[in-house]
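Worksheet: one structure, shown below.
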Amino acid sequence: MFSIILILFTFLISSTFVMYTVESEAQPEKFEDFDNALWWAVVTMTTVGYGDVYPVTHIGKMFTIVMMLLGIGIIALPTGIIASGFLDEMRIRSEHEESKRIPSVTDELIKIHELKTDGVISEEEFLELKKRILLQHEKELNS
């Protein structure tokens, strides 16, 4: 995000300078100082302009076309980055919630195997519990 903001401000200042240089002689009342040119650059880059200040020279018009197209891309770029980060965070949270909700089959099988090893349950009971656990997890995964 810092890189995008840096690119945005660099593009904004450089386009302000270019437009002031190109249009100040043709329109001294509209581009009388750097502040007015900066206003034009911000409005042109973020929208299609208000119509209060616009270029009249051919070089100024061509530069404006390029600036509008690049401005759309520069403004849209952070949107993609933010959306991608948001989706990644949602995926991570979803996976975390899923792992908390359903205990793993392996954990449950280890627990009943320990019960069998300690002699708390018989081999037949172990096999029956194992079968139930596997069927239960299969149902949960299918639903």
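The values are calculated or read from the model by the stated rules, or taken from the named source; none is laboratory data. Please read all numbers here as calculations on a predicted model, not as lab measurements. Here the Cβ is made from the backbone with ideal geometry for all residues, glycine too, and neighbour counts use every protein chain on show. Surface accessibility is based on the protein's heavy atoms, side chains included, excluding ligands, DNA and RNA. Shrake-Rupley method; radii C 1.70, N 1.55, O 1.52, S 1.80 Å.
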- Note on the structure: Conditions (1) at pLDDT below 85; (2) surrounded by fewer than 11 Cβ atoms within 10 Å (Cβ to Cβ); (3) assigned to a helix (DSSP H, G or I) -> GLU138 fails only (2)
- Message: Suppose we filter ILE133, ILE112, ILE92, ILE75 for residues that are aliphatic (A, V, I, L, M) and within 27 Å of PHE17 (Cβ to Cβ); which single one remains?
- Response: ILE75
- Close pairs from the range 20-43: first over 21 Å from ILE75 (Cβ atoms), partner aliphatic (A, V, I, L, M) and open to solvent by 40 Å² or more (accessible area, probe 1.4 Å), Cβ under 8 Å, at least 6 apart: VAL22/ILE59; GLU23/VAL56; ALA26/VAL56; GLN27/VAL56
- Message: Looking only at the range 114-135, filter to residues that are part of a helix (DSSP H, G or I) and of a type in the set (Asp, Glu); which one of those is nearest to the chain's Cα centre (by Cα)?
- Response: GLU114
- Residue check for GLY51: open to solvent by less than 60 Å² (accessible area, probe 1.4 Å) and either within 30 Å of PRO28 (Cα to Cα) or polar (S, T, N, Q) (or both): yes
- From the list ALA76, ALA37, pick out the single residue that is open to solvent by less than 90 Å² (accessible area, probe 1.4 Å) and at pLDDT 85 or above. ALA37
- Flagged in the range 54-73 as free of Cβ contacts under 8 Å to residues at least 40 places away in the same chain and either loosely packed, with under 13 Cβ neighbours inside 10 Å or not hydroxyl-bearing (Ser, Thr, Tyr) (or both), in numbering order, are PRO55, VAL56, HIS58, ILE59, LYS61, MET62, ILE65, VAL66, MET68, LEU69, ILE72, GLY73
